[in-house]
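Down below is the structure, laid out as structure tokens.
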Amino acid sequence: MNNPIPDLDPRLRQRYQLARELAEEAAGKGLEFYRKRVSLKVEHKAGDQQDVVSIADRELELFIRDGLQQAFPEDGILGEEGGAQNLDASFVWVIDPIDGTACFLNGLHNWCVSIGLLQEGEPCLGVIADPNHAELFHGVRGHGAWVNDEPLSASEAQHVREGLTGVGTFHPEGKQHFMPFLQGLLDEGGMFMRNGSGALMTAYVAAGRLIGYYETRLKSWDCLAGLVLVQEAGGRCNDFLRGEGLLEGNPYLVAGASVYDQLSRLVGPSLDG
């Protein structure tokens, strides 16, 4: 695998290389599960019929965790299925083995593997593997971001009517802000889409395919890898990790630099309240 950052700090270089390898291998394993998804055991989290988990999620997370722990036993890990350990470490991995599980289980191609890394509490690298479209989004803070070998660049749109905005909402919390945002977006001539994967929609903002992405509340494993990509692609994001954002999640907005303020105004005070 090509390394586009020859002068990277050795500690990050090793982790960046491993993250890309694990993400691509996990995505390949996920694709095998996807092809036999009708036979997978599925459970609903906490009685929520929309929040599902399958044996594929759990097996892929174990695979990723094992790979990270063997190489870097001193690092912390936070995963959607396996919980948190050693969060006071200098490096903390934040992983989602299948972001977009509902899409995965229903035969939609909008799912991916997401692996992010915090260094001293700040997002420092991100990798998002989409096996259905043979795309690997990856980047390191201060050194750039790519999809496969092509540099990422956020949208230069000046107004929300100039492109598509990704949207989403969380059922237990924040949904009361969703319809007012959509109404405001439509009133401004904007259009929206939802694909079911926060990680992929964040990657699409970094790639300039979406001008922005707003979620009323998102978990860190759904977006931490993508935050690095957006910033390295010239985009902007809200202060997602404030407070208990790492463990509990927060409202979330990423966008091209020139349209971020307009989208932020449409969201209103709930974004950073």
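The values are calculated or read from the model by the stated rules, or taken from the named source; none is laboratory data. Remember, it's a predicted structure, so these values are computed and weren't measured experimentally. We place every Cβ from the backbone using ideal geometry, glycine too, and count neighbours over all the protein chains shown. These area figures cover heavy atoms from the full protein model, side chains too; ligands, DNA and RNA do not enter into them. Shrake-Rupley method; radii C 1.70, N 1.55, O 1.52, S 1.80 Å.
Some points to look at:
- Result for the chain in a Gaussian network model with C-alpha springs under 10 Å: among Pro123, Pro73, Pro151, the largest mean-square fluctuation is at Pro73.
- Label-point gap, in nm, between Arg265 and Arg209 - each point 7 angstrom along Cα→Cβ: 3.0 nm
- Accessible-area composition of segment 60-111, carbon plus sulfur, in percent [1.4 Å probe]: 47 percent
- Per atom type, segment 133-242 shows carbon and sulfur on 50% of its accessible surface, probed at 1.4 Å.
- Here the chain is assigned +1 on the Cβ of each Lys and Arg and -1 on the Cβ of each Asp and Glu. Its dipole about the Cα centre then comes out at about 520 debye.
- In the assembled protein chains, Trp221 presents an accessible area of approximately 30 Å² (probe radius 1.4 Å).
- Cα-based Lys proximity count in the chain, under 24 Å, for pairs eight or more positions apart or on separate chains: 8
- Excluding exposed DSSP-loop trypsin sites (Lys or Arg not before Pro) (at most 12 other C-beta within 10 Å), longest clean stretch of the chain: 42-241
- For Thr216, distant residues with modelled amide H under 5 Å away: Gly168, Thr169, Phe170
- Rounded if a/c under 1.5, otherwise prolate or oblate - segment 122-175, Cα gyration tensor axes: prolate
- Note on surface exposure: His143, His138 rank His143, His138 by accessible area, highest first, 1.4 Å probe.
- Ordered from highest to lowest accessible area with the whole protein assembly present and a 1.4 Å probe, Met193, Met201, Met179 read as Met179, Met193, Met201.
- Per residue, the solvent-accessible area of the chain (1.4 Å probe, heavy atoms of protein chains only, all protein chains present) comes to 43 Å².
- Gaussian network model of the chain, Cα within-10 Å springs - most flexible of Pro251, Pro131, Pro172: Pro172
- P(r) histogram, all alpha-carbon pairs of the chain included - 5 Å bins from 0, percent: 1, 6, 14, 18, 19, 18, 13, 7, 3, 0, 0
- In the assembled protein chains, Asp130 presents an accessible area of approximately 0 Å² (probe radius 1.4 Å).
- Summarising the amide proton neighbourhood of Leu164: residues at separation of 5 or more, or on other chains, whose placed amide H is nearer than 5 Å comprise Ile211.
- For the chain, the relative contact order is 16 percent, taking Cα pairs closer than 8 Å that sit 6 or more residues apart in sequence and dividing their mean separation by the residue count.
- Sequentially through segment 211-227, phi angles give Karplus couplings (6.51, -1.76, 1.60; θ = phi - 60°) of 7, x, 8, 10, 10, 4, 7, 9, 8, 5, 5, 7, 9, 4, 4, x, 4 Hz, Gly and Pro residues having no value and appearing as x.
- Choice from Gly249, Gly107, Gly235 showing the highest fluctuation, given a GNM over the chain with Cα pairs closer than 10 Å: Gly107
- In this structure the amide hydrogen of Leu152, modeled in the peptide plane, comes within under 5 Å of the amide hydrogens of Ala145, Trp146, Val147, none closer than 5 places in sequence on its chain.
- Projecting the Cα positions of Thr165, Cys124, Trp111 onto the charge dipole of segment 110-179 (unit charges on Cβ atoms of Lys, Arg, Asp and Glu, taken about the Cα centre) puts Thr165 furthest along the positive direction.
- Residue-span extension gain [Ala102 to Leu87] - 0.36 nm each, minus C-alpha spacing: 2.6 nm
- Solvent-accessible area of Tyr204 with every protein chain in place, 1.4 Å probe, in Å² to the nearest 10: 30 Å²
- Ignoring the sites themselves, the chain has its longest run without GluC sites (Glu not before Pro) in a DSSP loop having at most 10 other Cβ atoms within 10 Å at 121-243.
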